[in-house]
1. Where the Cα atoms of the range 101-149 are projected onto their three principal axes, how long is each span, largest first, in whole Å?
2. Let me know the shape class of the range 139-250, please: from the alpha-carbon gyration tensor, a ≥ b ≥ c as square roots of the eigenvalues, rounded when a/c is under 1.5, otherwise prolate if a/b is greater than b/c, or oblate.
3. Quick one: Cα convex hull volume of the chain, Å³ per residue?
4. Of the DSSP beta bridges with both residues in the chain, give the percent that are antiparallel, rounding to the nearest 5.
5. Give the angle, between 0 and 90 degrees and rounded to the nearest 10, that separates the Cα long axis of helix 407-431 from the longest principal axis of the Cα atoms of the chain.
6. Most exposed first by the Cβ proxy, i.e. fewest other Cβ within 10 Å, how do 293, 287 rank?
7. Tell me, 390, 103 in order of fewest to most beta-carbon neighbours within 10 Å?
8. Starting from one equal scatterer on each C-alpha and no solvent at all, send me the Debye-based log10 I(q)/I(0) for the range 462-535 at q = 0.22 Å⁻¹, two decimals.
């Protein structure tokens, strides 16, 4: 594998100008055409380009997820630290974000032109959706790196003063994005085709994420507000409380997992089959990396005892996330190995298993489920689930953040979240066409095994965190954030002391002055430097 070399300005600067005017790539090209609704602008295809950028990067998964985030969150065990090229992954994340941000700035400019021409608020829905996607992507990057160029970034086409954009503090970025999400919720029009007869610009035909469903966009926005308000609860409790109170007390639309016995199981995901792309990056990252296995930490959250036959498994998601080793055993790799720990061997993620599923090349520890990481059509890349929203509400009620403390309501939200999470992941397994082999012990497990834990657990807050952490199994960045914020997710060994990713080398090379200033303001560029919102 070769690292791509950058010979000119930083990703956050002028090199993005050429990319800003591109439309979607081939995987999305059909969805960029709307023969039934000709328009005077090409905002739709540009918008879909930003949607496409939500797909996880190949190097992001290999060097950041598989080498760092799974280990630090302890959602899995890293059996060997064989790859020291973290910068390849950080470059991938950085480039993806700032290329997309350049598109965002171009769309913003075109929206302003259209608003002037039409002299109406016809563009309000696309403006709202754009703010939501920008917030999602920006939160993701700042929660990994800390301070970052934002307000002046992606504007290289506006003037040379933006070629090397200044860094903005994470605190300022958070405040701005939460305001932007509120603006989106307050201003979007749910039924634009009929609202007062006004000709609103419709995202239908261009929106490859939520298909122009503005109610789902509103739910996504409010759910993101809950996620990130809770994230800053220790550092800005007033703002966090205001946001959480507004949404919960006013029953604003959010992603829903369960209501009583009704499974909504709502989520926002990138779905390859529906969106006409192949999820090749995941199997590549696991196959080439090959060092992740089920760890003892997550195993102890899903099984009552360590019997290798799997008879202690009570959580159905164990069969979705992992599988038996070559010997047919459920054998976790010790989260904290010692000199007596047998080394991990085998190649369980080899494509050879497409032809012989049972052939794992002497794999001695339980790997990730082959179908979960190999399938290219039906496994979604998750942005947010209704289950996560229930867990956030459960924490709010348990701790009294934005709402009155109410342990009973916390229990009910946890119960709904646990059922929704199990159903979401078992639905993924059931709806994946390539998924042929299901462990026979699966039928002995139930979502109620997980949901009922709340009634038999002394430390209920720790359980809420544990189950939110588990639900984020294929969102290791979210699990990493929860671990850093709370220090209470399941863990073996010492407390986490890894809090951020270093800035990409290209940023230090080409935006040197601003990058060094940001590093100084934050107290360093190493992994032990805490982000603003970490207690």
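1. 40, 16, 13
2. Oblate, because a/c is 1.5 or more while a/b does not exceed b/c.
3. 153 Å³
4. About 90 percent, rounded to the nearest 5.
5. 90 degrees
6. Lowest to highest Cβ neighbour count: 287, 293.
7. Arranged by neighbour count, lowest to highest, 390, 103 become 103, 390.
8. Taken in order of the listed q values, log10 I(q)/I(0) reads -0.96.
Bear in mind these aren't lab numbers, they're just calculated from the coordinates by the rules spelled out. Source: prediction; values computed, not measured. Reconstructed Cβ throughout: ideal geometry from the backbone, glycine too, with neighbour counts over all protein chains shown.
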